[in-house]
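What follows is one structure encoded as structure tokens, with my remarks underneath.
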Amino acid sequence: MKRFFKGIMEWKASVCVLYTAAMFIYLVFCTVFHNEEISLTMLWTLFIVSVVATLIQGICFSNWIFKKLRYTWRSVLFVVLFLPTLTFFAWKAEWFPMEQAGAWAMFIGMFFLTFIIMTIGFDIYFRVTGRKYDGMLGQYRKEKEEKGE
């Protein structure tokens, strides 16, 4: 039960981080397009999307369901689950008019650009962290050898 509540707290923190990032992006777009009104529908939609996105992220990138799934396949699964979900909310909340194909193409393009940048960022982070832990493990083994254990 303790593990469950810890997971809930981590999920809640992830929702907050994602919602804050989404709000920042929304504010940037409002500034660029000189929109000085904040839509209540947009605020709620971004919140719901943040909740759903963190659940999908938890499903795809943790060991809740998929114990031994390669990172590449986890990423593909995330895109397959999240892109239609995000598109659905964008459509229902009328982020863009349906007839503006260019806006929807830019939306999809921005999704993939953001996804690629985040994937590269995580890859760099994991490589740096892995090297750090490899170094620490090597140091531990060396100390153990010196002690004769």
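The values are calculated or read from the model by the stated rules, or taken from the named source; none is laboratory data. As the structure is a prediction and not an experimental result, all values here were calculated from the model. Note that each Cβ is placed from the backbone with ideal geometry, even for glycine, and that neighbours are counted across all protein chains shown. Only protein heavy atoms, including side chains, enter the accessible area calculation; ligands, DNA and RNA are left aside. Shrake-Rupley method; radii C 1.70, N 1.55, O 1.52, S 1.80 Å.
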Checklist entry - Just to be sure, is residue 8 in a helix (DSSP H, G or I), open to solvent by less than 90 Å² (accessible area, probe 1.4 Å), in contact with a helix residue (DSSP H, G or I) (Cβ under 6 Å, 6 or more places away or on another chain) and of a type outside the set (Gly, Ala, Ser)? => result no
Checklist entry - Can you pull out the residues in the range 25-40 that are open to solvent by 60 Å² or more (accessible area, probe 1.4 Å) and more than 22 Å from the chain's Cα centre (by Cα)? => result 31, 32, 33, 34, 35, 36, 37, 38, 40
Checklist entry - Right, residue 126: open to solvent by 100 Å² or more (accessible area, probe 1.4 Å), assigned to a helix (DSSP H, G or I) and within 24 Å of residue 78 (Cβ to Cβ) or not? => result yes
Next on the checklist: Checking residue 3 against (1) of a type in the set (D, E, K, R); (2) open to solvent by 80 Å² or more (accessible area, probe 1.4 Å); (3) within 22 Å of residue 113 (Cα to Cα): exactly one of these is not met. Which one?
Outcome noted: (3)
Checklist outcome for this item: Scanning the range 11-24 for residues that are of a type outside the set (Gly, Ala, Ser) and either open to solvent by 90 Å² or more (accessible area, probe 1.4 Å) or at pLDDT 90 or above (or both) gives 12, 15, 16, 17, 18, 19, 20, 23, 24
Next on the checklist: Considering only residues that are in a loop (DSSP other than H, G, I, E, B) and in contact with a Ser or Thr (Cβ under 8 Å, 6 or more places away or on another chain), which ones fall in the range 51-87?
Outcome noted: none
Checklist entry - Taking interchain pairs and intrachain pairs at least six residues apart, which have beta carbon atoms under 8 angstrom, with the first residue in the range 33-48 and under 18 Å from residue 17 (Cβ atoms) and the second open to solvent by 100 Å² or more (accessible area, probe 1.4 Å)? => result 45/92
Checklist entry - Do we have any residue at all in the range 62-71 that's open to solvent by less than 100 Å² (accessible area, probe 1.4 Å) and either touching a strand residue (DSSP E or B) at 6+ places or on another chain (Cβ under 8 Å) or modelled with pLDDT of 90 or more (or both)? => result no
Next on the checklist: Here is a list: 80, 52. Which entry is without any contact (Cβ under 8 Å) to a residue 40 or more places away in the chain, exposed (fewer than 13 other Cβ atoms within 10 Å of the Cβ) and aliphatic (A, V, I, L, M)?
Outcome noted: 80
